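As structure tokens, the structure follows; a few thoughts come after it.
The values are calculated or read from the model by the stated rules, or taken from the named source; none is laboratory data. Worth saying up front: this structure is predicted, and the values here are computed from it rather than measured. Note that each Cβ is placed from the backbone with ideal geometry, even for glycine, and that neighbours are counted across all protein chains shown. Surface accessibility is based on the protein's heavy atoms, side chains included, excluding ligands, DNA and RNA. Shrake-Rupley method; radii C 1.70, N 1.55, O 1.52, S 1.80 Å.
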Amino acid sequence: MKPIISPSILSANFAYLANDIEMLNSSEADWVHIDIMDGVFVPNISFGFPVLKYVAKLSEKPLDVHLMIVQPGKFIPEVKALGAHVMNVHYEACPHLHRVIQQIREAGMQPAVTINPATPVAMLKDIINDVYMVLIMGVNPGFGGQKFIEHTVEKVRELRELITVAGSQALIEVDGGVNLEAGVRLVEAGADALVAGNAVFSASDPEEAIRALKNL
Ligand code: DX5
Ligand code: ZN
């Protein structure tokens, strides 16, 4: 099975964002990964809903929205208004994760839970049958272009095992530091979806970089 490819526009050229969205539209990308940061949950701020409104209008690909913010449940209506396919919230940002997951589903989006590098896969045991996807971070969130943390491959393997044992349908996505070399090993370990920012937008031919990831 070819992996789902979700290029992260965090590494796009924001001065010419429309060009990059149009490139994604004509590429083999499956989704568009949208990183929203608040400067509190992570030490950086990216972009917010006034900008994303136009991204959503231009994008012909489903939006994979990744909220790196405290209290992400407060923004379900705004994410819904973008027409998002997936809404990813961090395990570490949700003391009432089960409730938030249900609210995302009730809003008509696919709920996903994201875990930071320091959060064990085992913490997902009681939620694994309620989520559409689990997003495993390959870096500490906040910035594009960071180095892939090797232990992530082992976490994908563990999560695949947890999903199988639970009889869950959850997809496994990996985000952060993903390039061709890590991508091969992640897919082999059981990843279904790969996010790539730097590996796509810093390439001399981003469309070709997407094609290469899709056809690992
Ligand atoms: C990191 C973001 C990622 C980031 C990935 O905090 O969640 O989506 O854009 O970028 P790369 O692929 O460059 O690590
Ligand atoms: Zn992300």
When segment 192-212 is checked residue by residue, the ones that are of a type in the set (Gly, Ala, Ser) and outside any loop (DSSP other than H, G, I, E, B) are Ala193, Ala196, Ala199, Ala209, Ala212
Which one is farthest from Ile172 (Cα to Cα) among residues in segment 1-30 that are open to solvent by less than 20 Å² (accessible area, probe 1.4 Å) and more than 12 Å from ligand 1 (Cβ to nearest atom)?
-> Ile21
Which number in (1) in contact with a Ser or Thr (Cβ under 8 Å, 6 or more places away or on another chain); (2) within 16 Å of ligand 2 (Cβ to nearest atom); (3) among the β-branched types (Val, Ile, Thr); (4) within 19 Å of Met87 (Cα to Cα) marks the one condition that Val200 misses?
-> (4)
Among the candidates Val79, Val32, Val89, Val65, which residue alone is more than 28 Å from Glu188 (Cα to Cα), at pLDDT 95 or above and touching a strand residue (DSSP E or B) at 6+ places or on another chain (Cβ under 9 Å)?
-> Val79
Counted residues in segment 76-131 being under 28 Å from Val51 (Cα atoms) and either within 16 Å of ligand 1 (Cβ to nearest atom) or part of a loop (DSSP other than H, G, I, E, B) (or both) come to 23
Report the residue count in segment 33-60 for those that are assigned to a strand (DSSP E or B), touching a residue at least 12 places away in the same chain (Cβ under 8 Å) and more than 10 Å from ligand 1 (Cβ to nearest atom).
-> 1
For segment 198-216, what are the residues that are under 15 Å from the mean Cα position of the chain (by Cα) and either away from ligand 1 (no atom under 13 Å from the Cβ) or surrounded by fewer than 24 Cβ atoms within 10 Å (Cβ to Cβ) (or both)?
-> Asn198
Answer yes if at least one residue in segment 1-11 is of a type in the set (A, V, I, L, M, F, W, C), modelled with pLDDT under 95 and part of a loop (DSSP other than H, G, I, E, B), and no otherwise.
-> yes
Count - residues of segment 160-183 that are away from ligand 1 (no atom under 15 Å from the Cβ), within 18 Å of Asp30 (Cβ to Cβ) and open to solvent by 70 Å² or more (accessible area, probe 1.4 Å) = 1
What tally of residues in segment 141-159 results from selecting those that are free of Cβ contacts under 8 Å to residues at least 60 places away in the same chain and open to solvent by 70 Å² or more (accessible area, probe 1.4 Å)?
-> 6
Of the candidates Leu135, Leu186, Leu159, the one satisfying the condition of being closer than 21 Å to Asp64 by Cα, at pLDDT 95 or above, within 16 Å of ligand 2 (Cβ to nearest atom) and assigned to a helix (DSSP H, G or I) is Leu186
